[in-house]
Amino acid sequence: MRARLRQQAGSCLGADRYSPEEGVMSTIPAGYSLFADDLRHIDHQLESDWESLRGAHLFITGGTGFFGMWLLESLLWANARRGLGLHLSVLSRDPARFLAGRARHLKGRGELALIEGGLLNFRPPAFPVTHIIHAASETDPDHSANWPSRHLDAVIDGTRRLLDLAAEHRVNAVLLTSSGAAYGQNDRAERGRWI
């Protein structure tokens, strides 16, 4: 059990990893940034669910963040392995920067379209969406004074726009995700504590 936990923990390190217990090296396959072991594990765990996505068009917000990249690459992996015919439209504030930086390996993927914009100003995909995954949140890298207002606008108005899109396209499913940012800071924030 400990060996498996160590192996799983190593999946977040971003380089090849060696398992002395199993005597194997796990690698990152070409065209991905995640370990092959992790991608195969996710694919296997969702084996009974993949067929329900055959031919689906997913609109994904937050697909360029940490969680979103895992989701995006897992979907791309399953699509390649299972021939699902998925089409993924991913909202990005700056698609060119995303593809030039941490997602160079995703350039030229026919099943992937990056849509420029934010939650409050994106142009909906041109063709019907079957599923929406909302994993975006307003970030605050500069610790600006107006972040709470921007965050609230993105949460309320951005989600409303996505729900309107879901109704318009009569989507099969909407998945809303969240993070600890939804809780905000508590009265002990000066000590660096969060709810």
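The values are calculated or read from the model by the stated rules, or taken from the named source; none is laboratory data. The structure displayed is predicted, hence computed values, not measured ones. Using ideal geometry, Cβ is built from the backbone for each residue, glycine included, and neighbour counts are taken over all protein chains shown. Surface accessibility is based on the protein's heavy atoms, side chains included, excluding ligands, DNA and RNA. Shrake-Rupley method; radii C 1.70, N 1.55, O 1.52, S 1.80 Å.
Side notes on the structure shown:
- Condition met for Ala136 (open to solvent by less than 60 Å² (accessible area, probe 1.4 Å), at pLDDT 95 or above and farther than 24 Å from Ala30 by Cα): no
- Selection from the range 107-118 of residues that are touching a residue at least 24 places away in the same chain (Cβ under 8 Å) and not charged (D, E, K, R): Leu112, Ala113, Leu114, Ile115, Gly117, Gly118
- Evaluation of Ala100 against the conditions (1) out of contact with any strand residue (DSSP E or B) (no Cβ under 7 Å at 6 or more places or on another chain); (2) at positive phi; (3) of a type in the set (Gly, Ala, Ser) shows that the sole unmet condition is (2).
- When the range 164-190 is filtered for residues that are of a type in the set (S, T, N, Q), at pLDDT below 95 and surrounded by 11 or more Cβ atoms within 10 Å (Cβ to Cβ), the ones remaining, listed by number, are Thr177, Ser178, Ser179, Gln185.
- In this structure, Glu111 does satisfy being among the acidic types (Asp, Glu) and within 22 Å of Ala30 (Cβ to Cβ).
- Applying the criterion of at least 1 residues that are out of contact with any Phe, Trp or Tyr (no Cβ under 8 Å at 6 or more places or on another chain) and closer than 23 Å to Ala166 by Cβ to the helices (runs of 4 or more DSSP H) found wholly in the range 23-114 leaves 66-82, 95-100.
- Residue check, Leu58 in contact with a Gly (Cβ under 8 Å, 6 or more places away or on another chain) and at pLDDT 90 or above: no
Yes or no, residue by residue, for (1) in contact with a strand residue (DSSP E or B) (Cβ under 7 Å, 6 or more places away or on another chain); (2) charged (D, E, K, R):
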| position | (1), (2) |
| --- | --- |
| Glu51 | no, yes |
| Ile60 | yes, no |
| Thr64 | yes, no |
| Met69 | no, no |
| Glu73 | no, yes |
| Ala78 | no, no |
| Gly83 | no, no |
| His87 | yes, no |
